[in-house]
Each structure stands twice: as structure tokens, then as C-alpha cells.
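Remarks on the structure that follows.
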Amino acid sequence: MTAAARTLGESTPTVSRRINDLERELGTKLFQRSKRGVELTAAGKRLLDLVQKMQGLVETVGDQVAENNTTIAGAVKIIAGDGLGPYWIAKHLPQFHETVPKVQVDLEIGLAVEEVVHRQADMAIVFEKPSHPEIIAQRLGTLHYMCFASQDYIDKKGHPQSIFEFQDHKLLMHTAYVHQVERWSKNIKQLKDFIDYSVITNSGTALITLASNSGGIAILPSYIAEIEKDLVPLHLPALAPIQFWLTYTERVRRNPAGMAAIEWLLSIFNEQQHKWFQSDFVHPDKVDAARKGIDTKDIFGLSSSIQL
């Protein structure tokens with residue numbers, strides 16, 4: 001209370017009285033005393049979140065009015081993983097710069113947790129929804145991991161009819177996927193003990209290059225079918241659905257350049273325009289058929305989860 005009073009330029013009794021008045025008006029306790037001092041209650045945390053959003057909205061309105069006749073400029077830093085960063089976000093960056101050409105983008109490839117809180121990044125894409133009260137998390141979509149191989153590899157080694165035939169093939173895995181296997185389907189978890197990975201790498205580029213050159217069957221997100229035309233999506237169910245979120249703070253949302261980047265990122269993961277990120281798995285061949293106006297009903301009889 002003393003520190004708050006000092007920040008506000010008020011006396012401690014005045015701050016305490018105003019808090020008591022607010023709690024009485026709302027009919028709930030906002031603070032509780034503990035060994036660590038005064039802490040927010042659950043109701044207090046909800047109120048703080050609402051107040052921050054209100055403050056952000058007011059400041060955003062002011063910024064947008066002020067920027068109405070000027071060009072948005074500045075810099076934003078985005079952290080994204082080894083797949084989404086170089087293969088999806090980078091693919092759509094020219095579109096962003098057509099709209100806001102004076103915003104510099106620092107795209108860092110890596111895994112993020114709470115970097116946006118510590119201002120180590122303005123935005124980050126994460127695979128676990130954060131619980132930090134200062135982080136705003138918006139669900140972007142779901143990644144569906146599936147199998148790809150080159151046509152040359154399929155011609156030489158054959159097309160596996162189920163994941164239980166993987167032991168007869170060379171399997172290529174990203175290091176991050178190996179660590180995520182516990183979150184994957186039941187059958188994959190059962191297979192992990194006897195699957196012999198031909199190559200494990202922390203580079204998505206290396207993984208795709210290997211698969212494109214007949215190095216084996218690579219496990220990759222389904223959207224790779226739109227980007228790497230040399231790879232053939234195998235006619236097997238998806239191996240795993242992994243959700244991901246866009247994270248940022250009020251500081252970024254109040255910044256015109258930051259808000260432009262947030263809106264752009266939300267647009268390039270729009271599930272209606274980009275079926276790859278829907279909750280339900282859609283096989284790339286069905287997506288391609290739908291674009292060509294072909295009836296996609298039961299093309300392969302594939303379900304959204306493994307049933308073997």
C-alpha cells in the first residue's frame with residue numbers, strides 16, 4: 001500500500017480508504033494479506049485484467065485517431081518455431097509489408113515461453129497457453145502432424161498402409177517432435193519404443209530437404225503440402241493435433257505497429273481461409289480437391305484420428 005501511495009502521490013490511508021470503498025461498491029474482496037504482503041484475490045485479478053483491457057482500448061483509440069493521416073512505422077519482434085516461422089510466417093511477410101511498408105520485422109526462430117513479459121519479444125507463438133496475468137493469449141489454430149515422402153521414395157520403398165509398418169521404413173523426425181510424442185496419439189506412444197528414427201534433427205529445413213531427396217518418411221505439419229510441392233502427403237490419418245497461441249501484452253497492443261502485426265498474424269492463420277489450422281484434420285488431397293471443385297466426400301475414408 002505504501003508503494004502504491006507513493007506512485008499515486010497520495011497518502012497510504014487515502015489509498016486504503018479508496019480500496020475499501022471500491023470493495024464495498026463491488027461487493028467483493030479485491031486484496032488479501034499473506035506472508036508475502038498484500039496480494040490480489042481471484043476477483044482482484046479479474047478486475048485488473050478488465051481495467052488493463054479498458055486502458056488499452058482507450059489508448060488504442062487515441063493512437064489510431066492520431067495515426068489516421070500518417071503512415072504506421074516502427075519495429076516489431078516476433079518469436080516463432082522452426083516450422084511456422086520460416087515456412088508459414090516468412091511466406092506471408094511480403095503481404096504484411098504491402099500494407100505497412102515502414103514496419104521492420106525481427107523474426108526470431110526459436111521456442112518462447114514468457115519472453116513477451118520481459119520485453120525480449122513483442123509477440124510469440126507458443127504451444128502451451130500461458131498463465132502469466134500480463135500475457136494476452138489468442139488461439140491461432142491447430143497443427144496436424146502427418147507423414148510426407150518423395151514420390152521417388154514411395155516408388156522404391158512402397159506406401160505404408162498403417163503406422164505399424166513404419167519399422168520397415170526410414171523415419172525422419174524433428175527433435176521437438178520427439179519430445180512431444182507423449183502428447184500424440186495412443187498408437188504413436190506405443191510405437192516409440194521400437195521405431196528406429198533414421199534421422200533426428202532440430203532443423204525443419206534439413207528435415208524437408210532429406211525427405212525431398214528420398215531420405216525417408218518425414219513427420220511434418222499438414223500445411224507443408226501447400227509449400228513443398230516435391231513432397232507427397234501419405235494417405236494415412238494425422239498423427240497428432242497440437243494447438244498453438246499468439247501471445248503479446250497490452251504494451252504491444254497499444255502500439256500501432258504492434259497492432260498491425262497482431263491483426264496480420266491472426267489473418268494468416270484464419271481457419272476459414274487456411275484449412276490446415278482447423279481443429280479437425282483435413283487431408284491435403286481433400287483441400288486440393290476442394291479448391292478444384294471436386295467432391296471430397298470420403299475420398300480416402302480418413303478420420304481425424306488414428307483408428308488402427
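For this structure, a couple of remarks:
- Spin-label model, residue 106 to residue 42: label points 7 Å out along the Cα-to-beta-carbon direction sit 3.9 nm apart.
- From the C-alpha gyration tensor of region 2-50, square roots of 5λ in Å: 18, 14, 11
- Part-to-part distance (alpha-carbon centres) for region 124-169 and region 91-112, which is given in Å: 24 Å
- Distance from the alpha carbon centroid of region 4-37 to that of region 195-233 works out to 57 angstrom.
- Sorting 136, 154 by the number of Cβ atoms found within 10 Å of their own Cβ, with the fewest placed first, yields 154, 136.
- A Förster radius of 35 Å combined with the Cβ-Cβ distance from residue 10 to residue 113 puts the calculated FRET efficiency at roughly 0.45.
- Sorted by Cβ density within 10 Å, fewest first, the residues 280, 196: 196, 280
- Whole-Hz ³J(HN,Hα) from phi, Karplus 6.51 cos²θ - 1.76 cosθ + 1.60, for region 12-22, glycine and proline x: 4, x, 5, 4, 4, 5, 5, 5, 4, 4, 5
- In this structure, the amide hydrogen of residue 171, modeled 1.01 Å from its nitrogen in the peptide plane, lies closer than 5 angstrom to those of 198, 199, 217, counting only residues at least 5 positions away or on a different chain.
- Measuring against 32 Å, Cα to Cα, the residue pairs 170/229; 129/275; 29/77; 45/275; 170/275; 29/53 contain 29/77; 45/275 as the ones spanning a longer distance.
- Interchain or long-range residues, amide H under 5 Å from residue 150's placed H: 214, 216, 232
- Amide H contacts for residue 41 (H built 1.01 Å from N in the peptide plane; partners 5 or more residues away or on another chain; cut-off under 5 Å): 31, 32.
- Difference of contour (0.36 nm per residue) and Cα-Cα distance, residue 152 to residue 139: 0.9 nm
- Cβ-based exposure ranking for 229, 170, in which fewest neighbours within 10 Å come first: 229, 170
- Gyration tensor (alpha-carbon) shape descriptor, region 105-144, a/c threshold 1.5: oblate
Values quoted throughout were computed directly from the atomic coordinates according to the rules given, and no laboratory measurement underlies them. Computed from a prediction, not measured in an experiment: that's the story for all the values here. Here Cβ is always computed from backbone atoms with ideal geometry, including for glycine, and neighbour counts include all displayed protein chains.
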